[in-house]
Structures are given as C-alpha cells and as structure tokens.
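Chemist: Handing you this structure, nothing more for now.
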Amino acid sequence: MDGRCVQLRAEVREFLQSEIDTGGFTPICDSWLRGADRGFSRKLGARGWLGMTWPTQYGGQDRPQRERFVVIEELLAAGAPVAGHWVAERQVGPSILKYGSQEMKQNLLAPIARGDSVFGACYSEPDVGSDLASVRTQARRVEGGWRISGTKLWTSQGHQADHLIVLCRTSPSEGAKHRGLSMLIVTQPATGVSIRPIRLLTGEHHFNEIVFDEVFVPDGRVLGEPGEGWRVITGDLAFERSGPERFMSTHPLLAEMIRRAAQGPADERSRLVIGELLSRLWALRSMAMGVAALMQKGESPNTEAAMVKDLGTRFEGDVAQAARSLFPVIPSLDSDDRFTNYVAQSVLHSPAYTLRGGANEILRGIVARGLGLR
Ligand SMILES: Cc1cc2nc3c(=O)[nH]c(=O)nc-3n(C[C@H](O)[C@H](O)[C@H](O)COP(=O)(O)OP(=O)(O)OC[C@H]3O[C@@H](n4cnc5c(N)ncnc54)[C@H](O)[C@@H]3O)c2cc1C
C-alpha cells in the first residue's frame with residue numbers, strides 16, 4: 001500500500017470513529033447486509049468514497065481499485081451501515097460502466113456515487129438459485145420495450161430499492177440455456193411490482209419476494225444487448241464475489257475476541273486459535289487484493305473471485321465458532337455486552353455466509369472449470 005492509501009486509511013478511520021462517538025451508528029456484524037442507512041451512505045458519497053474508481057464524468061473519482069479496497073476494508077472492520085448502497089456501488093455501477101448505454105451512465109451512476117441510489121438484484125427465483133440460467137421470469141417484446149412477468153426471491157433491500165435489476169428470459173433458449181437472457185432495469189415505484197418481506201432468523205426484514213406482473217421496461221433500460229444477459233451477469237458476479245465482505249462479515253466479533261483474550265490471563269489455546277485465524281485472514285486479504293489488481297487491469301477474474309468467496313465465507317463461520325469455543329457465552333441480541341451480542345449476530349447470520357452470492361459447492365465447480373478440471 002502506498003502513501004496515499006496510508007493517508008486515506010487514517011482519514012476513513014478518523015471519520016468512522018467520530019461517527020461512532022457521536023452516535024452516527026452502532027457497529028454490528030454483517031453490516032454490509034443488515035445495516036442500511038441512506039443518511040450514512042450519503043455521508044460517504046459526500047466524501048468521495050463511493051464509486052471511487054469510476055470516471056469523474058459519471059460522478060466518480062478516477063481513483064485506483066486499491067484505494068476503494070482501503071475504504072471498504074475500514075467500513076467493514078468498523079461494522080458500519082453500508083448495506084443501502086452496497087449492491088449498487090459494488091456490482092451494478094461497474095456493470096453499467098462496462099455494458100450500459102450513454103443514457104444509463106449519465107443518469108444512473110452519479111446518484112450511486114452520491115449514496116442516493118439503492119438497487120435490488122432480482123436474480124434468484126423460487127426453485128432457481130444455483131442454476132441461475134434456468135430463470136423462468138420472462139420479458140416479452142412490446143412496442144417501445146418489454147413487459148416482465150415472474151417471481152423473484154431473496155432480493156436484498158428490494159423493499160427500499162430505487163431500481164431493481166432483473167434477470168429475465170427474453171427469447172427461447174433453443175437448447176443453450178445461457179442464451180436468450182437479458183438484464184432489465186426497473187425504476188421504482190413501477191406499476192405491477194409487488195413486494196413481500198421474508199424475515200431472517202433474527203426477525204429482521206432484509207430480503208423479499210418480488211412479483212412482477214406485466215411490468216413495463218423501456219428499450220433503453222436493457223443492460224447490454226438483449227439476449228446477452230448471461231455475459232453481463234457473470235461479470236457482475238465477479239464483482240459480487242471477490243471483495244473483503246466475503247471474509248469480513250464477522251470481523252467486529254474477531255476484533256472483540258482478541259480484546260477479550262488480551263484482557264484475560266495468557267492462554268496458549270486462545271493464542272493458537274486466534275493466531276491461526278489471523279494468518280488465514282491475512283492470506284484472504286492478499287488474495288482479495290490480487291483480485292482487485294486484476295480488475296484494475298480490466299480483467300474478469302471469475303475463478304479467483306470464486307476461490308476467495310469459498311475460502312472467505314468458511315473463515316467467517318469459523319470465527320463465530322472459535323469465539324463460542326474460546327469464550328462460551330449464551331448468545332443474546334439484547335445483551336449489553338458487546339462480545340455476547342456479536343456472537344448472537346454472527347451465529348444467527350452464519351447460515352447465509354456460504355450461500356448468498358452463490359453457494360460454495362457451485363463456486364468450487366467454477367474453480368474446477370477455471371483450472372481445466374471439468
Ligand atoms: C442473506 C442472503 C441474501 C441474498 N440476497 C440475494 C439477492 O439480493 N438477490 C438474489 O437474486 N438472490 C439473493 N440471495 C439468494 C442466493 O443467491 C441463493 O440462495 C443462492 O444462489 C443459492 O440458491 P438457492 O437458495 O436456490 O439454493 P439451491 O440452489 O437450492 O442450493 C441448495 C444447496 O444445494 C447445493 N447445490 C445446488 N446445486 C448443486 C450442484 N449442481 N452441485 C452441488 N451442490 C449443489 C447448494 O450448494 C446448496 O448447498 C440471497 C441469499 C441469502 C442467504
């Protein structure tokens with residue numbers, strides 16, 4: 001990391017500490033999924049910390065990937081409420097830059113960079129998650145655009161979204177199911193969209209079932225060429241899978257566990273367990289930085305991203321297990337004790353770590369294909 005990164009890291013840390021000190025937010029585990037706060041997203045936008053790598057003409061800062069990496073690493077370490085802009089800034093913005101029309105770039109990117117735009121990713125469906133190319137949601141051609149009908153499931157932040165990006169079938173697959181798919185952008189509120197909450201184990205409302213009933217989308221809001229949606233979504237998923245959020249969801253708990261270990265008597269077992277976790281964290285971080293560097297060169301490191309996510313999400317679950325085993329507590333979301341609280345948050349969220357963004361078994365298949373083994 002160069003001098004600019006060191007200075008940037010100090011600035012971000014100072015900002016986050018002052019937000020915590022003044023009650024701007026309370027740190028939580030899995031904050032990039034649970035902690036949606038538009039006001040906080042706007043503060044990041046005002047500081048130029050969203051869309052940092054995008055061209056200045058579209059509201060970005062033209063800064064290198066490694067600087068964005070520093071910002072998101074600090075936000076995740078602090079357990080800051082970043083879920084509102086996460087999908088938009090992480091994957092939709094870069095996909096628009098790569099595949100979007102001039103109109104989309106001009107109108108959709110700057111609001112994301114300001115922290116003013118929430119996107120919901122409508123890819124999964126009932127019975128269709130891992131085998132994404134089998135989506136049944138259809139968009140049929142009508143004058144001036146398309147009409148979408150179908151049901152999507154697990155749409156994170158869909159109830160707060162300004163836009164929904166929807167993977168649909170727009171023409172028959174004719175034996176090759178990856179063909180004939182398209183990515184359409186629906187601006188909310190749109191006639192024909194109904195949204196039903198699906199509660200997490202904790203009772204929180206984070207994701208949704210979304211039904212599209214003949215929802216109209218104009219031609220100008222097809223991302224990429226009609227029928228080429230698979231190419232767009234695989235690039236989108238590389239951005240979704242490779243970042244530090246894939247190994248930092250339980251970071252506030254890891255930090256708290258270290259604090260607890262440091263306060264107690266010297267203990268060989270906790271040193272060994274924590275030492276092993278930290279060396280894994282360091283390796284994951286190096287891998288994720290390697291992926292960011294490949295993205296900086298304009299490459300689509302799908303295999304590498306899948307590897308980071310498979311190893312990283314298992315690490316997140318292992319942090320929760322190690323914390324429980326080293327310092328047994330009765331997990332409680334209502335506890336005043338930070339450690340006990342973080343254990344509860346991490347454990348209740350752990351079924352999601354290896355599932356969201358593509359299940360680990362599927363990722364291993366991608367790695368095997370990337371290595372030429374299948
Ligand atoms: C917290 C959370 C947030 C999410 N947010 C979104 C979102 O915003 N937008 C969105 O579109 N989706 C979202 N998802 C959905 C997520 O992408 C899917 O859950 C995931 O792709 C798996 O699909 P599925 O749930 O249909 O499981 P299935 O595909 O039914 O898989 C179930 C199990 O079977 C295994 N399996 C399936 N196929 C194979 C195979 N071929 N070989 C070996 N094993 C296999 C899987 O690995 C998994 O363990 C979210 C999920 C979670 C948990």
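The values are calculated or read from the model by the stated rules, or taken from the named source; none is laboratory data. These figures come from a predicted structure and were not determined experimentally. Heads up, the Cβs are rebuilt from the backbone with ideal geometry, glycines too, and the neighbour counts pull from every protein chain shown. The area values use the complete protein model at the heavy-atom level, side chains included, leaving out ligands, DNA and RNA. Shrake-Rupley method; radii C 1.70, N 1.55, O 1.52, S 1.80 Å.
Chemist: Rounded to the nearest Å, what's the spacing between the alpha carbon centres of the stretch 228-275 and the stretch 153-225? Just the number, please.
Modeler: When both Cα centres are located, 30 Å separates them.
Chemist: Which far-off residues, 5 or more places away or on another chain, put their amide H under 5 Å from the one on GLY145, with H placed in the peptide plane?
Modeler: Amide H neighbours of GLY145, under 5 Å, 5+ apart: ASP219.
Chemist: Quick query: amide H of PHE216 versus all other amide H atoms, modeled in the peptide plane; which residues come in under 5 Å with a sequence gap of 5 or more or a different chain?
Modeler: ILE148
Chemist: I need the trypsin sites (Lys or Arg not before Pro) found in the stretch 227-319, filtered to DSSP loop residues with at most 14 other beta carbons within 10 Å of theirs.
Modeler: Details: sites: ARG231, ARG241, ARG246, ARG259, ARG260, ARG269, ARG271, ARG280, ARG285, LYS297, LYS309, ARG314; in loops: LYS297.
Of the trypsin sites (Lys or Arg not before Pro), the ones in loops of the stretch 227-319 whose Cβ has at most 14 other Cβ atoms within 10 Å are LYS297.
Chemist: Further, regarding this structure: DSSP beta bridges in the stretch 101-189, what fraction antiparallel, as a percent rounded to 5? Provide the component values of the computation, followed by the final result.
Modeler: On the way: 13 of 18 bridges.
Of all bridge pairs located within the stretch 101-189, approximately 70 percent are antiparallel.
Chemist: For the stretch 190-199, in order, what is each residue's ³J(HN,Hα) by Karplus, 6.51 cos²θ - 1.76 cosθ + 1.60 with θ = phi - 60°, in whole Hz (x at glycine and Pro)?
Modeler: Using θ = phi - 60°, the values come out as 10, 5, x, 9, 10, 10, 10, x, 10, 7 Hz.
Chemist: For the stretch 247-254, take each phi angle, set θ = phi - 60°, evaluate the Karplus expression 6.51 cos²θ - 1.76 cosθ + 1.60, and give the result in whole Hz per residue in order, putting x for glycine and proline.
Modeler: Each residue's phi maps through the Karplus curve to give 9, 10, 4, 9, 4, x, 5, 4 Hz.
Chemist: How far is helix 302-326 tilted, in degrees, relative to the longest principal axis of the Cα atoms in the chain, given as a value from 0 to 90 rounded to the nearest 10?
Modeler: 40
Chemist: Follow-up question, since we're still on this one. So for each of 71-81, 286-296 I average, over its residues, the number of other beta carbons within 10 Å; can you give me the resulting order with the highest mean first?
Modeler: On the way: 71-81: 23.1, 286-296: 17.9.
Highest-to-lowest ranking by the protection proxy: 71-81, 286-296.
Chemist: While we're looking at this one, here's another question. For a quick size check, give me the Cα extents of the stretch 104-248 along its three principal axes, largest first, whole Å.
Modeler: Sorted from largest, the Cα extents of the stretch 104-248 read 42, 33, 29 Å.
Chemist: Right, something else. Which of rounded, prolate, oblate describes the chain, given a ≥ b ≥ c as roots of the alpha-carbon gyration tensor eigenvalues and a/c under 1.5 marking rounded, otherwise prolate only if a/b is larger than b/c? Write down the numbers at each step before the final one.
Modeler: Numbers: a/c = 1.67, a/b = 1.56, b/c = 1.07.
Because a/c hits 1.5 or more and a/b exceeds b/c, the chain counts as prolate.
Chemist: With all protein chains present, calculate the accessible area of HIS85 using a 1.4 Å probe and round the result to the nearest 10 Å².
Modeler: For HIS85, solvent-accessible area is about 0 Å².
Chemist: With the chain treated as a Gaussian network of Cα nodes joined by springs under 10 Å, which of ALA176, ALA121, ALA261 yields the largest mean-square fluctuation?
Modeler: Of ALA176, ALA121, ALA261, the most mobile in the Gaussian network model is ALA176.
Chemist: What's the carbon and sulfur percent of the chain's accessible surface, probe 1.4 angstrom, rounded to a whole number?
Modeler: Details: 8390 of 16290 Å².
For the chain, the apolar C and S fraction of the accessible surface comes to 52 percent.
Chemist: How much accessible area per residue does the chain have, in Å², with a 1.4 Å probe?
Modeler: Details: 16290 Å² over 374 residues.
Heavy-atom accessible area per residue stands at 44 Å².
Chemist: Among ALA266, LEU253, PRO218, pick out the residue whose Cα is farthest towards the positive end of the charge dipole of the stretch 218-271, where Lys and Arg carry +1 and Asp and Glu carry -1 on C-beta, about the Cα centre.
Modeler: ALA266
Chemist: If you don't mind, another one. Mind checking the stretch 99-201 for GluC sites (Glu not before Pro) that DSSP puts in a loop (not H, G, I, E or B) and that have at most 14 other Cβ atoms within 10 Å?
Modeler: Details: sites: GLU103, GLU143, GLU174; in loops: GLU143, GLU174.
Listed in order of number, the matching sites are GLU143, GLU174.
Chemist: Listed here are the pairs LYS177/LYS297; LYS43/LYS309; LYS105/LYS297; LYS105/LYS309; which of them are more than 25 Å apart at the Cα?
Modeler: Values: LYS177/LYS297 30 Å; LYS43/LYS309 29 Å; LYS105/LYS297 21 Å; LYS105/LYS309 29 Å.
Violating the 25 Å limit, Cα to Cα: LYS177/LYS297; LYS43/LYS309; LYS105/LYS309.
Chemist: Can you bin the stretch 97-157 into rounded, prolate or oblate? Criterion: square roots of the alpha carbon gyration tensor eigenvalues sorted a ≥ b ≥ c, rounded for a/c under 1.5, prolate for a/b above b/c, oblate for the rest. Please list the in-between numbers first.
Modeler: Working: a/c = 2.36, a/b = 1.40, b/c = 1.69.
It comes out oblate by the Cα gyration axes.
Chemist: A follow-up question, please. Give me a comma-separated list of calculated 3J(HN,Hα) values for the stretch 217-230, in order, Karplus coefficients 6.51, -1.76, 1.60 applied at θ = phi - 60°, integers in Hz, x for any Gly or Pro.
Modeler: Values per residue, Gly and Pro as x: 10, x, 3, x, 10, 9, 8, x, 6, x, x, 9, x, 5 Hz.
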